[in-house]
Each structure stands twice: as structure tokens, then as C-alpha cells.
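Notes to accompany the following structure.
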Amino acid sequence: MPTFQFEAMDSTGQEIKDVIEATSEEEAQATIRQMGYFVTKIAVKKQKKAAAEKNKPGRKRAFAIGGVSSKVLTAFTRQLSILQDAGLPILRSLRILENQSKPGRFKNSLMDVCDEIEGGSTLSEGMAKCPKAFNRLYVNMIKAGEAGGALEIILQRLAEFQERSESLKRKIKGAMIYPVVVITVAVSILTFIMIKIVPSFEKIFKDFDTELPNMTLVLIAISNAAVSYWYLIPGIPLVLWLFIKLLRKFNAGRIGWDMFTLKMPIFGPLVEKNILARTTRTLGTLVSSGVPILEALNITRDTSGNAMFEHLFGKISESIREGESIAKPMKEYSKMSFHPLCAFFWCFFVAGPIGLLLYMGRMNARVVDDLTVNMVDVGEETGELDTMLYKVADTFDEEVSVLTESLVSLMEPLLIIVLGGAVGFIVIALFMPLVKLITDLSH
């Protein structure tokens, strides 16, 4: 039974502070009036978890590090949505899902949320205290659902949003598995050939003191470098990864790298369309759930994962405060400009001066195309902004899917050509002196 903490005045005007147990606030007020007091303030008392509750079997918290995977959170949201549709109380639904969860961070978070609700907090307040499991977007949508009395509908929308995002993520990851595995195996095999096989042939050639063609000399030079500096093969990618990660800790470095990834050759369009699909779906879901537009834009900015889009949504939010619409600043501030670190990345990764020239040609390109701006404009005019944002997200989801399949289809023959060329070069470079050596011996 809930405990209510109240403040009241007696017949002499003296202030009374006390607690009372009752099944509801109305019953508590009626009981206090029967005691001869006039209620001035009453609220549910938030109680700490009892020690006995902590020590109940099955309620022990497991040691956990890290956060909660999006896959686990998506499954939880869909299950909670189904339980709410069935009419179960929210606390009972959470207890059921908590008992089904594996020991770890998410189960601990559900325990904390259940305890907060038992202490008088709302679902959104309980989830807000577990940021490693429930992010700001999640908490605000739940809060909007509670305020509008449509929590089950909000949970359905949230589940659909997460399922679509997870599906797109799986498609991209699945498409990248094949080329990554092929490249890793190919590099491993070529490294083994250079370190173990080629030196053996070099020793044979030296023993017979035969004259070597230029191709063989080049191959032996590469092999000697691989033997002497083998640690650079895994070291260079690792150092580059650490350098970029460290550089992104600074605001200028993060903006420069994120601008480069949006317009980089081959993979740039895929990154750009993927972010557009995710941000427009996030904004559409928040708007349709009743979250205020400024709060929705701030959440979308914080969850975009790209500094360029964070800047864009920040400017849109500022313009709306000044009375502008969304479409106008979206078009105005989506244009990229010159950034010295972005130019450095273009020079470093795309053949020096050629990369700089390509960057100069692309630096004023917009990250939001006219289709998106026009759809948003129509949505604002008709009052169907959330519907239009969903349509934009669906369009970009489809484009990302098609682009991913196209890139994978293109990479397969390219990998075959590159690997075939490398193997062919090695075979020819090794067998040309062998054929000459056999010919000389036969004479």
C-alpha cells in the first residue's frame, strides 16, 4: 500500500506534517479530513528499497560493464508494447521482462526502474535514472506517452522505429562482412608468401648466381621490407585508427573527419543517406509522439552521430526560436564549407593534390538535398510533418539498401581483379628466373 506524506492545518491553525497509508490519494485525503485536519499538500512518499528486497532470491544484481545493445533494447520495447496492449499494469509488465532478462546491465537497469516506480516515480523518471540503458530519445518519448495517456501507442511507435533502425544496421553490417573477410584473408596470405615463401626462392637464386629480371627484384625488395618491418602491416591501420579517434576528441578534428566521411569517394553517399534516414525517422517519431518541436530537434541533434548534422539541427533549432520554419534553415545551413582538417584528410587518403582538387569541388555540396527540404516544407504547410519525415526516411532507407547491394556487387569483381593481379605478379616474378635457370641447366 502506498505511503502518502502530507502537510495540513488543525482547527487552531497549527501546521501538521505526517504520513499516512492509503490505497489512493482520494482515500488518504478523506482519512485526513476525518482526523479533523485541512490538507494543504499531499504526495506519495518515495521510499528507499528495503534491505530485505535487495536480498530476495533472484533480485541480486550481477556485475556489469558497458552499455546495453540496441538489439536487446529493441526486443524489450516490442515485448513491453505487447504487454501494455494486453492491459497489464506497467510494474507487472516490467517485472515479467526483468525475470526473462539475462543477468547483466539491462537486467540491473530494469530492477532499478521497478524500484523507482514502487517508490512513486513514473516510468519515464525511472528510466531517466538509467542512462546507460535508456537514452534521452527513449525517455522523452515515454514521457510524452505518459503525458498524453497513450503509452501503449508510443511504445508501438518506438518499437517500430527501433526495428527499422536495427534492420538497416543489419543490412549494412551483413553487406560488409564479405569484403572485410576477403581482404583480411588475402592480406594474411600475401603476408605469409612475402615473409616465408619469397625468401626461400631468393636463397635458391643466390645459390645458382642467376641474373634476375626486374619484376623479381621488385618482389624480393617488397619481401625484404615485409620481413624487416612486418609489424607495420597491422601497426599502420592501428595507428591511423588511434590517430583519428584521438583527433575526434577535439571539436575541430571531429567536424573535419565527419565532413570528410560525408563526401568521401565511394562510401560517402552511403554514410550521408544512412544518417539522413536515421535523423528524419527520429525527428518524425518524436513529433508524432507529441514531443515539443524544439526538444525533438535537440534530441535528433544529439543522436545524429555526425558533427555536420549536429551543427545543422542546432541552427534549425535557433531559427525556430526566432519564428522561422524548419525547411528554410534546413536548406540554408546544410551547405558544407572549407575546413582545413577536412582538406588534410582528402590529401592524405585520396592521392595528395588530386584529393585537394576533388575537395575544392565538393566542399560547397549540401548534405540535405532538395527532396528532403521540399517534403519538410509541404509537411509544415499541411500539418503532416511527421508523415512527410517518415516518407523521407523510407526513401533513404531504400536508397541505402540499394546502394549497399550495388557497392557489394561492385567490390566482388574489383577484389577478384586486385587479388588476381597480385597473385599473378608473384607467380610470374618467381617463375621467370626459374624457367631461365632450368633452361641454362639443360644446356
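Listed here are the helices (runs of 4 or more DSSP H) enclosed by the range 103-202 that have at least 1 residues being among the hydrophobic types (A, V, I, L, M, F, W, C), under 25 Å from the mean Cα position of the chain (by Cα) and surrounded by fewer than 15 Cβ atoms within 10 Å (Cβ to Cβ): 151-192.
Considering the range 362-376, the residues that are at pLDDT 90 or above and not polar (S, T, N, Q) include one that is surrounded by the most Cβ atoms within 10 Å (Cβ to Cβ), namely VAL376. The single residue among THR439, THR404 that is over 23 Å from LEU190 (Cα atoms), free of Cβ contacts under 8 Å to residues at least 40 places away in the same chain and in a helix (DSSP H, G or I) turns out to be THR439. Out of contact with any Lys or Arg (no Cβ under 7 Å at 6 or more places or on another chain) and not assigned by TED's automatic domain parsing to the domain that holds VAL182, is that true of THR439? Yes; evaluated as a whole, the condition is true for this residue. Considering VAL291, VAL287, the condition of being at pLDDT below 85, surrounded by 19 or more Cβ atoms within 10 Å (Cβ to Cβ), aliphatic (A, V, I, L, M) and in the same structural domain as PHE338 (by TED's automatic domain parsing) is satisfied by VAL291 alone. With respect to (1) in contact (Cβ under 8 Å) with a residue 24 or more places away in the chain; (2) more than 20 Å from PRO199 (Cβ to Cβ), the lone exception for GLU398 is condition (1). Filtered by the rule that a residue be in contact (Cβ under 8 Å) with a residue 60 or more places away in the chain and hydrophobic (A, V, I, L, M, F, W, C), the range 97-133 gives a lone residue, ALA133. Annotation: ARG281 fulfils all but one of (1) at pLDDT 90 or above; (2) under 19 Å from GLU384 (Cα atoms); the unmet one is (1).
Note on the range 320-361: residues that are part of a helix (DSSP H, G or I) and either surrounded by fewer than 18 Cβ atoms within 10 Å (Cβ to Cβ) or among the hydrophobic types (A, V, I, L, M, F, W, C) (or both) amount to 23.
Identification of helices (runs of 4 or more DSSP H) wholly contained in the range 1-97 with 2 or more residues that are at pLDDT below 70 and closer than 30 Å to LYS132 by Cα yields 51-54.
The values are calculated or read from the model by the stated rules, or taken from the named source; none is laboratory data. Since the structure is predicted, the reported quantities are computational estimates derived from the model, not experimental observations. Note that we place each Cβ from the backbone using ideal geometry, even for glycine, and neighbour counts take in every protein chain shown.
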